[in-house]
Amino acid sequence: MARMKFLCDAERCIECNGCVTACKQEHEVPWGVNRRRVVTINDGVPGERSMSVACMHCSDAPCMAVCPVDCFYRTEEGVVLHDKDICIGCGYCFYACPFGAPQFPQTGAFGVRGKMDKCTFCAGGPEPDGSPAEFAKYGRNRLSEGKLPACAEMCSTKALLGGDGDVISEIYRDRVTMRAARGSKSGPPWGWDSAYGTGTKS
Amino acid sequence: MMTRLGSIAVAAALVLGLVACSERPQVAQYKQGTYQGKPDTPPYQNARFNGDKAAWDREIATRAQSQNEYKRTN
């Protein structure tokens, strides 16, 4: 069974923000909400590294554990989704998430938090697949069209990989081997252990 | 007679007022730790894949390999 995961290769990311743009365009994400963003460590210093960050669809998702109204569910492909009709916008998931993935649109004049919005791995939500209601609440459902997330497929340097964990880790392993043959080192993929644990295959 | 009708009207108003103060549970069937929302369908349960999970898996595997430029260019 496919276990959908993201992997960001910090050696390749050039901080072009193509993934951010692809996500916003694909799902028509409103202003103020960034389901995906690029974080740069040691910006401007030689050796800086950039990483594309969004919901990693964790194996043991802390957002699911803390949600007081239990609006989260995990699909059989391992994608963590939520029902916006149940969400009360409390923000507990934002505090629990190690990646800062949950986003809250400012819907009112006084900055009232709206319902949580986050990366869906382009898998929509519990509304009927491909329906206008699903698009309005969660964005496009590319998985049901047999496609992978737009951010990963649009990545110009293929730094961001998305798909079945076994497949993308194999792609990354090939890269690491090629780099090692050239004498350059690569670290473990950033966030991988936090999201999917160490030494686990699920 | 008028006094009795008046007291009945006041009593009825008080009862209606108290009803307005009552509180209803807002989560209908709350069970700790279980998903409360609507059920979702798998991504292959649609007109395109017609429930064929193997076909969907093949499509996703093919798309995933397009991310591997070592295989694309060789």
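Bear in mind these aren't lab numbers, they're just calculated from the coordinates by the rules spelled out. The shown structure was predicted, so the numbers you read here are calculated from the model rather than taken from an experiment. Positions of Cβ are backbone-derived with ideal geometry, glycine not excepted, and every protein chain shown enters the neighbour counts.
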Set Lys and Arg Cβ to +1 and Asp and Glu Cβ to -1, take the dipole of the range A:96-180 about its Cα centre, and tell me which of A:Cys119, A:Ala152, A:Ala101 lies farthest positive. A:Ala101
Total charge of the residues flanking A:Ser52 in space, meaning their Cβ is under 14 Å from its Cβ, with Lys and Arg +1 and Asp and Glu -1, is +4
Roughly what % of Cα-Cα distances in chain A sit above 31 Å, to the whole percent? 17
Under a straight-distance cross-link criterion of Cα-Cα below 24 Å, which lysines are reachable from A:Lys84, leaving out those fewer than 8 residues away in the same chain? A:Lys5, A:Lys24, A:Lys115, A:Lys118, A:Lys137, A:Lys147, B:Lys31, B:Lys38
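To the nearest 20 Debye, how big is the dipole of chain A about its Cα centre, given +1 on the beta carbon of each Lys and Arg and -1 on that of each Asp and Glu?
That gives chain A a dipole magnitude of about 500 debye.
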Between A:Gly163 and residues 5 or more places away or on another chain, which pairs have amide H atoms under 5 Å apart, with H built 1.01 Å from N, and which residues are they? A:Lys5
To the nearest Å, what is the center-to-center distance of the range A:137-168 and the range A:13-92, using C-alpha atoms only? 13
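Where does each of A:Glu28, A:Glu170, A:Glu127, A:Glu145 land when they are ranked from fewest to most other beta-carbon atoms within 10 angstrom?
A:Glu28, A:Glu170, A:Glu145, A:Glu127
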By how many degrees, 0 to 90 and rounded to 10, does the Cα axis of helix A:18-27 deviate from the longest principal axis of chain A? 30
What ³J(HN,Hα) values, in whole Hz, does the Karplus curve 6.51 cos²θ - 1.76 cosθ + 1.60 give for the range A:65-73 when θ = phi - 60°, with x put for Gly and Pro? 5, 9, 4, x, 10, 6, 8, 8, 8
In order through the range A:90-105: 3J(HN,Hα) via Karplus (6.51 cos²θ - 1.76 cosθ + 1.60), integer Hz, x for Gly, Pro: 6, x, 4, 4, 5, 6, 7, 6, x, 10, x, 6, x, 10, 10, x
Hz values of 3J(HN,Hα) by residue in the range A:35-50 - Karplus curve (6.51, -1.76, 1.60), Gly and Pro given as x: 5, 9, 8, 10, 10, 10, 9, 6, 4, x, 9, x, x, 4, 10, 10
Arrange A:Thr120, A:Thr198 by Cβ neighbour counts within 10 Å, fewest through most, would you? A:Thr198, A:Thr120
Working out 0.36 nm times the residue gap between A:Met178 and A:Glu28, then minus their Cα-Cα distance, what length gain in nm do you get to one decimal? 50.2 nm
Which ordering of A:Met64, A:Met154 is given by a fewest-first count of other beta-carbon atoms within 10 Å? A:Met154, A:Met64
